[in-house]
Structures are given as structure tokens and as C-alpha cells.
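To start, the structure under review is shown below, and the notes come after it.
The values are calculated or read from the model by the stated rules, or taken from the named source; none is laboratory data. As the structure is a computational prediction, the values presented were derived from the model and not from experiment. Cβ coordinates were reconstructed from backbone atoms using ideal geometry, including for glycine residues, and neighbour counts include every protein chain displayed. When the accessible area is computed, the model is the full protein with side chains, heavy atoms only, and any ligands, DNA or RNA have been set aside. Shrake-Rupley method; radii C 1.70, N 1.55, O 1.52, S 1.80 Å.
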Amino acid sequence: MPEFKNQPVTIVIFGASGDLTRRKLIPSLYHNFQKKRLPPNTKIVGFARRPWDDTAFREHLREGVITFSKTFSQADWDAFSPRITYFKGDLDTAEDYHRLREYLLHTVENGLANRLYYLATAPKFYAPAAHHLGGAGLANQNYGWRNIIVEKPFGHDLASAETLNKRLHAVFNESQIYRIDHYLGKETAQNILFLRFANTIFEPVWNRRYVDHVQITVAENVDVGHRGGYYDTAGVLRDMFQNHLLQLLSLSAMEPPASLDADAVRNEKVKLLQSIRPIDLNDTVRAQYDGYRNAPGVAENSQTPTYAALKLFVDNWRWKGVPFYLRSGKALPAKTSEIAIQFQAPPDIMFHLKTNDGFEPNTLSICIQPDEGIHLKFETKVPDSVRESRSVDMEFHYSDSFTDKVMPDAYERLLLDALKADASLFARSDSIHRAWELIDPIITGWENSPDAPPLAQYAPGSWGPAEADELPARMGHIWRLGCGGH
Ligand code: BG6
């Protein structure tokens, strides 16, 4: 909508008294302000029920920025914070959206303005809030664009995701809806396409002829903490696989898009998801860490998995027959997210190594976090030996190569993209549906099928249950230890 390009923008955050606003959204907007990247005249309105005024709201946010930003400065805050105001309203009350409209038009904007609505609320409010926005004329694009960001989880299963989409589409067009998956905003996740398609040396070997298998690990050392109430109804597949892990898989395995245009990228991602063969229950492992049931909000006899591992296959020309192993869990030994491309062993080893023990096939490891970077492992001759070989690492670390840059938080980039109406890092409805189509049968199989693997237990601080090691072992593979193999 080019005619609205240079208009001021108002960002309205629904659920503004919550943790996400204080920890992520406001610090990210503040960083964008410091970097002079916010459109001129950007205003931020917090919508929540608490009896706050502008001053109390700003003070609450200031403390958040002091805690969660590495670049807090009182002078910058003083320049930024007058843009923020507070509107007391109830998400379920239609009348409050009409009042909000008057407030935006007459107090905040005083003229034409684009608007970004951010649903940082509990998921049960996504559809009602969209409905009320429509009812109050707040989705109408006559005087500027009106876009809406929806947080995850997007539905609880395929049916509820479809219903939510229908209810959003009753008010907003698909092009107005931005479904956030913060993993897509991580620098290292964005770099996957650069690594693959801005270099010529990787792409020719990025296929079934050279790749033996792929491992994607998203491990967390934290346990469920105070989020037991939500987590116990979700479990690790809904919380991490349906979104973050499948997104990382899509970026790693998709075909090159024709451009970086949002739909070009998202077409390729959904094609990849469509090529995934339905996942066999025998290729899944589910487990719960010891002590999970004592966490507040968790049922006494909870069967909710806090760890899962899967093996899947992508049935297309590039990947046919190559196993992809995905795992994620809470209360593991480290916070580490890695995509590892394990290449095949050479067809013949003519060095007559005394033993194959020290010989490892090449691995390319993309470290998403915490030590962001890329490692390429290859074999080299041990000096002063006759035929001993050892694996060595060629390493790239963002922290060494970009010493003048602070790694931005994922939300910083995503908010900026939404303000520019660039949806390439947001999930389109078809890929969300397809992701649920892959995940739903595993969840229902685990709950109902006699063939389902039993819920295993694991000790907090371990790498998961023994069953998880058996999964890759069946094809002669072993899990790596985490980023860079360390
Ligand atoms: C969220 C999940 O989407 O991602 C959390 O709901 C998880 O359970 C978090 O802890 C992990 O995100 P990050 O960026 O810390 O890896």
C-alpha cells in the first residue's frame, strides 16, 4: 500500500501488562529507536486492564528495559518514553474497542496513521480481540494500513488453528496477518539462507548424494519453571516442534526461492513441509524429566512430554532417504540450538588408518545459540605421525568477526519488519496448517495408540532418556553433544 508509506505509525499492544511486553517488545522497540530505525512519529499504546496511567506504565516498562537491555541510557529513555501511553481496557468488552478508536483518532494520532496491533495476550483472546477490532472499525484500511501480529501458540491442533484462521480472516486479510515465530528473527536462523545461497561451495553438496543425515537440536537447560499451567496442556511437540523446529528444518532443507520476497520464501518453505513423509510412531521418543509433576500448575499424574526426539524423511529429489533427527527438551545439560549437516564418509579410505576410531566424516554445524556461529569439521593428518588422522574445526563466531555489533534480539528485527509490512520472516497460514498436520498424528498416537512408545523418564541435567539414543543408533548414528559438537 505505497500511498501510506511515509505515514506515522501507532503500535497498539494488547496484553501490555504482561511479561512479553516488558521483557521483549518494549526493549526491542527501544533498541530500534536508539538505532534510529523506527518510522518518524511512531507511537506506542499499551492496552490492558490494570488501573495504570501513562506514568505508571512507563515506569513499569523502564524497569524492564533496564533489566533486559544492554544499552539502557536515561537520556535515550527520556527521548523514547513520551511516545508510550496507556489505555485501560478489557479484551472481552466491545465497548472498550470503540473507546480505543476514539482515543487513537483524537488523542494519539490526530490525522492519518498506519497501525500495527500486537496480540501479546493469552491465546484465548486472539479471536475475540480480532472480532472486536473489526466491530469497532479498527481493521478498516481507508486511512492507513492496519496489520496485526499474532503470538504463538497458533492453535492447539490443526482444527483449532483452522478455526482461529477463519476468525482472523473474517476481519483481516491474510496480507494483514503476521504470525510470529521468534526463531525466524534470530540472526543465525536468518543466516541459514545466506550461508546456503550466498556461497557456491555448500549448495552442490547439500543433498542426498553427499549428506548422510541431519540433526536439529534445540536444548534448554531451564525446566518448566512457573509456566506449568500452560506447558502441561501443550507439551514439547506443540511448544517447540510445531513451530521452531519445523521452521529451522524448512530453512535448512528448502529449495532456493526465486527472491527474498515474502511469498517466494514462504512458498518454498511450505513445499518442503509438504514433502515430509508422515512420521512413524516408531520413529518417535517421548519423555518427561523427573520432578516435572511437582512443578506448580502440573497435574499429579501428568503424561505431558518435556522431551521429544523424532526421525523424519523428506520425500523429494534432494533429500530422499536422508534421515533428519529432531530433538528438543527442557532440563537438559545446556542451552544449545544447533543444525548439524553430517556428510557421508569418503567412499574409500586409502590411508590405511590403524584404526577408524579417530576418523569422523565432515560435519557442518550451524550454532543458532548461545555461541552463534558456524563450524566445519574436517580430517587432518596428525603432524609427525605416519597415518594418524584427527578431526579439526574451522570456526566462525559472530562475536569474533563482528566485534562492533551486539547481536540483536529476534523481536527487534521482527517488529521492524512488521512496521515495514515485510512478512517474509512470519509464518503463513498454509505452513502453520501443514505443521499441525505433521504433529497432530504423533500427539494423538501417543495418547491413544497401542503402538505408541511409552513415556520415558530422564534425570534433569541429562541428555534425555536412553530410548533417545536408540533412535539414531538404529541407522548407525549418534547424537552430537550440542553446538559445534562440544
Ligand atoms: C518459546 C517456548 O516459544 O521458546 C518456550 O514457549 C521456550 O518454552 C522458548 O523456552 C525458547 O526460546 P529461546 O529463544 O530462549 O530459545
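Numbers at a glance
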| item | result |
| --- | --- |
| Scope the stretch 94-152; condition crowded, with 22+ Cβ neighbours inside 10 Å and in contact with an Asp or Glu (Cβ under 7 Å, 6 or more places away or on another chain); matching residues | Leu119, Ala120 |
| Contacts under 8 angstrom Cβ, first residue in the stretch 65-83 being over 22 Å from Met407 (Cα atoms), partner part of a loop (DSSP other than H, G, I, E, B) and open to solvent by less than 80 Å² (accessible area, probe 1.4 Å), 6 or more apart | Arg83/Thr42 |
| Residue check, Arg293 basic (Lys, Arg) and open to solvent by 30 Å² or more (accessible area, probe 1.4 Å) | yes |
| Any chance Arg167 is among the basic types (Lys, Arg), open to solvent by less than 10 Å² (accessible area, probe 1.4 Å) and in contact (Cβ under 8 Å) with a residue 24 or more places away in the chain | no |
| Pick from the stretch 128-171, criterion more than 27 Å from Leu105 (Cα to Cα) and modelled with pLDDT under 95, ranking: farthest from the ligand (Cβ to nearest atom) | Pro153 |
| Boolean, Ala139 is over 23 Å from Asp90 (Cα atoms) and aliphatic (A, V, I, L, M) | no |
| Extreme residue, surrounded by the fewest Cβ atoms within 10 Å (Cβ to Cβ), among residues of the stretch 312-339 that are under 30 Å from Asp232 (Cα atoms) and of a type in the set (A, V, I, L, M, F, W, C) | Ala334 |
| Residue satisfying condition, being within 16 Å of the ligand (Cβ to nearest atom) and modelled with pLDDT of 95 or more, within set Pro323, Pro305, Pro278, Pro370 | Pro305 |
| Residues of the stretch 337-354 classified as at pLDDT below 95 and either of a type in the set (D, E, K, R) or within 16 Å of the ligand (Cβ to nearest atom) (or both), total | 2 |
| Helices (runs of 4 or more DSSP H) completely within the stretch 172-265 that count 2 or more residues being open to solvent by less than 10 Å² (accessible area, probe 1.4 Å) and away from the ligand (no atom under 16 Å from the Cβ) | 246-253 |
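Conditions (1) modelled with pLDDT of 95 or more; (2) open to solvent by less than 10 Å² (accessible area, probe 1.4 Å); (3) part of a loop (DSSP other than H, G, I, E, B), marked per residue:
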| position | (1), (2), (3) |
| --- | --- |
| Gln7 | no, no, yes |
| Ile11 | yes, yes, no |
| Ser17 | yes, no, yes |
| Arg22 | yes, no, no |
| Pro27 | yes, yes, no |
| Pro40 | no, no, yes |
| Arg50 | yes, no, yes |
